[in-house]
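The values are calculated or read from the model by the stated rules, or taken from the named source; none is laboratory data. Here the structure is a predicted model, which is why all the values come from computation and not from measurement. All Cβ positions, even for glycine, are placed from backbone atoms using ideal geometry, and neighbour counts span all protein chains on display.
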Amino acid sequence: MPRSKRQNLFVIFAFPEQHNRPGTRYYAQDATITDIRTKAAKFYSFEDAKEFAEQNNLELTATRYIGQESFSESEL
């Protein structure tokens, strides 16, 4: 059975990452907080994620930060 292709994308974590365990929270496209990975706002570059944060007045801190997640095709 062929493996699903995965893609590393940038996301904004609302709280410290739990490494794909329950409790990981992200910012969605409407700048609300979600714990559903598929609803996380996804960006192809760090700069795009940073611009989103600035446009939505999300101050990046040690607990609210830009990081990368690996998503399968079905999660995109």
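Numbers for the structure displayed
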quantity: Residue in the range 66-76 that is at pLDDT below 90, among the aliphatic types (A, V, I, L, M) and within 13 Å of the chain's Cα centre (by Cα) present; calculated: yes
quantity: Residues that are part of a loop (DSSP other than H, G, I, E, B) and either surrounded by 15 or more Cβ atoms within 10 Å (Cβ to Cβ) or among the aliphatic types (A, V, I, L, M) (or both), drawn from the range 58-76; calculated: LEU58, LEU60, ALA62, ARG64, LEU76
quantity: Residue tally, condition within 13 Å of the chain's Cα centre (by Cα), part of a loop (DSSP other than H, G, I, E, B) and not charged (D, E, K, R), over the range 4-36; calculated: 11
quantity: Subset of the range 37-57 (residues that are outside any helix (DSSP H, G or I) and either among the small types (Gly, Ala, Ser) or crowded, with 17+ Cβ neighbours inside 10 Å (or both)); calculated: ALA40, ALA41, LYS42, PHE43, SER45
quantity: Top-ranked residue of the range 14-31 - restricted to ones that are loosely packed, with under 12 Cβ neighbours inside 10 Å and farther than 15 Å from PHE71 by Cβ, ranked as modelled with the lowest pLDDT; calculated: ARG21
